[in-house]
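**Student:** Here's a structure for you.
Derivation of every value follows stated rules applied to the coordinates shown; laboratory data play no part. All values reported here derive from a predicted model rather than from experimental measurement. Note: ideal-geometry Cβ built from the backbone for every residue, glycine included; neighbour counts use all protein chains shown.
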Amino acid sequence: MEGEPRAYPALPAIIQGGMGVGVSNWTLARAVASLGQLGVVSCTVVDTVFVRRLQDGDPGGHMRRAMAAFPIPGVAERVMQQFFRPEGRPPGTPYKQLPMYQHIVDKGREQLAILAAFVEVHLAKEGHDGPVGVNLLTKVQLPNLALLYGAMLAGVDFVLMGAGIPREIPKVLDAFAEQRMVAVRLEVEDRQADTPEMFSLDPRVHWEGTPPPLKRPKFLPIISSHSLATMLVRKADGRVDGFVVEGPTAGGHNAPPRGELKLNERGEPVYGERDEADFSKIAELGLPFWIAGGTGTPEGLAQARALGAQGIQVGTLFAYCDESGITSELKRSVLAAVVEGKADVKTDALASPTGFPFKVVQWADDPATKVNRKRVCDLGYLRVAYAMPNGRVGYRCPSEPEAEFVAKGGAIEETVGRKCLCNALLSTIGQPQERKDGPSEPPLVTSGDELVRLGRFLEGRSSYTAADALAWLLSPVATTPAS
């Protein structure tokens, strides 16, 4: 099989990476999908992104247009009353926050998450027949059931999940396709009891009558090794439809190195041969796969196909196109630094509260270097559940104030170097929270290692579209790389 392209003509060659928070928005996904490749929306923190768009006046009326198509009666109307501000927020006014998600949430909070995912996917699918996927982080457990259900209500075609082992997700998709309740295990730190803590979603409680069956989307776990691919094929709770195989040069969260963690002189994790996926073994599983991380070039696509892959997943190239959610000011600033050879990407071993390495773009005009923010955890998506002394479930985050984290049983060393990704990534898409006791939240930009080589594609351009990116990726190469 090595040296021959995979024979899955109905599947795309290019998957546009699902970059959160709000970078891979419905505008970008629709642009890619309308050209026949897989457009992906990120649903990580999409409920907060959604209500902040409403509070900013819903420019263009897109949220309201999609909300009008939501099939569960009364939900859209209630959310409009709570969050829509026709004239937007007055300057300096903080965004109204959503209650933090917990393993037991009320019906209204669950419905808002369902609605937010529905809106994002519905808009991404408007006006074309191309495939649309949704990306979620396995590590952000609590909202995922509601977000998956909302995406399926909108007819999503693919579900992609990484940052963890999404072993239970196939059964979730099977259950929601039949409008059945599903329960999954909640990861609880410090839990001594053998009885697992579960959380669930029952679609039927949201409908007055019998809800219609839904299409079951294809499931593509994002993995970093052939051993994990094999395990998921054999032991996942349901059908796996393919894989995205992501190397440590990809942006966002990376899988930690296997074995003992060692850092280089820049404080970055050191990856070795054990961290390289064996593509021939993945191909032997008989499922389509896409290679991600350092493949976002025409030559990268050719090389991936020579290894037996269906194609490639590309993030960084799409992150800076006109349609992505990163603010125009940040795009221009980073791309100018790339052209001047003054942009860098660091794999920060400490930045993410998840404990996974996280890519951070560094350049001279980075706004985050000019702001000394206070530690806060008021969104809570990356909190982890832990067992309290009384047996109940509590939540803590290494990015919250140190004293609060330690009071909840966390180790002080876990707080060192942590950043609040939830707030910072919302700032990156132009939704910074206003702080009465300090500066607005500074942005944080993540990209893959390919960012520093983007100048080859730019060729003097200061901006480009998703169509430009696709045309370049699909352009012929002079010679076929050796396998």
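**Student:** Can you give the FRET efficiency to the nearest 0.05 for Lys215 and Glu187, using r as the Cβ-Cβ distance and R₀ = 22 Å?
**Tutor:** The pair Lys215/Glu187 has a calculated efficiency of 0.15.
**Student:** Assuming 0.36 nm per residue, please report the length gained on full extension of the stretch Ser462 to Arg180 beyond their Cα-Cα distance.
**Tutor:** 96.6 nm
**Student:** Given charges of +1 on the Cβ of Lys and Arg and -1 on the Cβ of Asp and Glu, with all other atoms neutral, how large is the dipole of the chain about its Cα centre, in debye to the nearest 20?
**Tutor:** Charge dipole, the chain, about its Cα centre: 720 debye, nearest 20.
**Student:** Listed highest first by mean packing, meaning other Cβ atoms within 10 Å per residue, what order do 430-436, 249-255 come in?
**Tutor:** Result, highest mean Cβ count within 10 Å first: 249-255, 430-436.
**Student:** Taking square-rooted eigenvalues a ≥ b ≥ c of the alpha carbon gyration tensor, is segment 58-108 rounded, prolate or oblate, where a/c under 1.5 means rounded and, failing that, a/b exceeding b/c means prolate? Please report the intermediate quantities before stating the final value.
**Tutor:** Numbers: a/c = 2.62, a/b = 1.13, b/c = 2.32.
Oblate is the answer for segment 58-108, as a/c is 1.5 or above yet b/c matches or exceeds a/b.
**Student:** Hey, can you grab everything whose amide H is under 5 Å from the amide H of Val159? Only 5+ residues off in sequence or another chain; H modelled, so Pro and N-termini drop out.
**Tutor:** Result for Val159 returns Val134, Lys218, Phe219, Leu220.
**Student:** Can I ask one more? When Cys420, Cys377, Cys43 are ordered from fewest to most other Cβ atoms inside 10 Å of their Cβ, what list results? Before the final figure, lay out each step's value.
**Tutor:** Values: Cys420 25, Cys377 22, Cys43 33.
Sorted ascending by nearby Cβ count, the order is Cys377, Cys420, Cys43.
**Student:** While we're on this one: Once both labels are modelled 7 Å past Cα along the beta-carbon direction, what's the Arg234-Gln362 spacing in nm?
**Tutor:** Using points 7 Å along Cα→Cβ, the separation is 4.2 nm.
**Student:** Per the helix-only calculation at 222 nm, which mean residue ellipticity applies to the chain, given -39500 (n - 2.57) for every DSSP H run of n ≥ 4 and division by its residues, nearest 500 deg cm²/dmol?
**Tutor:** -8000 deg cm²/dmol
**Student:** Here's another thing I want to ask about it. When a/c reaches 1.5 or more, the comparison of a/b and b/c decides; with that in mind, is the chain rounded, prolate or oblate per its Cα gyration tensor?
**Tutor:** rounded
**Student:** Could I ask something else about it? Output the pairs from Lys107/Lys215; Lys96/Lys359; Lys107/Lys374; Lys370/Lys436; Lys342/Lys370; Lys262/Lys408 with a Cα-Cα distance over 26 Å in this structure; if there are none, say none.
**Tutor:** Numbers: Lys107/Lys215 24 Å; Lys96/Lys359 29 Å; Lys107/Lys374 33 Å; Lys370/Lys436 18 Å; Lys342/Lys370 18 Å; Lys262/Lys408 29 Å.
Check vs 26 Å cut-off fails for Lys96/Lys359; Lys107/Lys374; Lys262/Lys408.
**Student:** When Met231, Met63, Met198 are ordered from fewest to most other Cβ atoms inside 10 Å of their Cβ, what list results?
**Tutor:** On the way: Met231 14, Met63 27, Met198 11.
By the 10 Å Cβ count, ascending: Met198, Met231, Met63.
**Student:** Relative contact order, percent, of the chain when contacts are C-alpha pairs under 8 Å separated by at least 6 residues? Walk me through the numbers on the way to the answer.
**Tutor:** Values: 1006 pairs, mean separation 85.2, N = 483.
This gives 18 percent for the chain.
**Student:** Between segment 244-303 and segment 119-166, how many Å separate their Cα centres?
**Tutor:** When both Cα centres are located, 23 Å separates them.
**Student:** Taking a ≥ b ≥ c as the square roots of the eigenvalues of the Cα gyration tensor of segment 205-306, is the shape rounded (a/c under 1.5), prolate (a/b larger than b/c) or oblate?
**Tutor:** prolate
**Student:** List the lysines whose alpha-carbon lies under 19 Å from that of Lys281, not counting same-chain residues fewer than 8 positions away?
**Tutor:** Hits, sequence-local ones excluded: Lys235.
**Student:** For Glu323, Glu187, which order do you get if you count the other beta carbons within 10 Å of each Cβ and list the fewest first?
**Tutor:** The order, fewest Cβ neighbours first, is Glu187, Glu323.
**Student:** For a label point 7 Å from the Cα of Lys342 along Cα→C-beta, name the residues of segment 356-392 whose backbone N is under 16 Å from it.
**Tutor:** Residues 362-370 qualify, since their backbone N sits under 16 Å from the label point.
**Student:** Ordered by residue, what ³J(HN,Hα) values in Hz, to whole numbers, does segment 247-253 give under the Karplus form 6.51 cos²θ - 1.76 cosθ + 1.60, where θ = phi - 60° and Gly and Pro are x?
**Tutor:** My calculation for segment 247-253 gives x, x, 8, 6, x, x, 7 Hz in order.
**Student:** While we're here: Assuming 0.36 nm per residue, please report the length gained on full extension of the stretch Gln97 to Arg332 beyond their Cα-Cα distance.
**Tutor:** 81.6 nm
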